[in-house]
């Protein structure tokens, strides 16, 4: 603490202060000197804390910058972006291929001859271009043979 003064220098200062100030006011002078020393010490500590806080903040800013650079230059992120762009390209190609094909076409089996009613999902096609009804529709239906006579 007293690097500038040796014990002999401090003793000389105390003797001079005792002679100049007097024994009556010396305790008051020492009390004021102690308050000034405490204020100086508090100011030095506050300066050191603020300097440490600025250094810590600078380090944190540098770390944040490094983290942002790592996020931007991350190889995993670049691979994910590449895969996402490939996925988008592939989706567009599949969508364009599906649009070119059109709706699915279903094939229906031709009606079997001899059946009078069409099967489920089939329609009986009639030739009505000439305006004449088909020959089958003009004939009356034959009664069903019954096994019992009434």
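The values are calculated or read from the model by the stated rules, or taken from the named source; none is laboratory data. Here the structure is a predicted model, which means the values were calculated and not measured. Cβ placement follows ideal geometry from the backbone for every residue including glycine, while neighbour counts extend to all protein chains displayed.
Only a single criterion out of (1) at pLDDT 90 or above; (2) surrounded by fewer than 10 Cβ atoms within 10 Å (Cβ to Cβ) is not satisfied by residue 75, namely (1). Residue check: is residue 24 loosely packed, with under 10 Cβ neighbours inside 10 Å and not in a helix (DSSP H, G or I)? Against the criterion (loosely packed, with under 10 Cβ neighbours inside 10 Å and not in a helix (DSSP H, G or I)), residue 24 qualifies. Close Cβ contacts (under 7 Å, 6 or more residues apart or on different chains) running from residues in segment 30-48 that are under 27 Å from residue 16 (Cβ atoms) to residues that are at pLDDT 95 or above and not in a helix (DSSP H, G or I) are absent.
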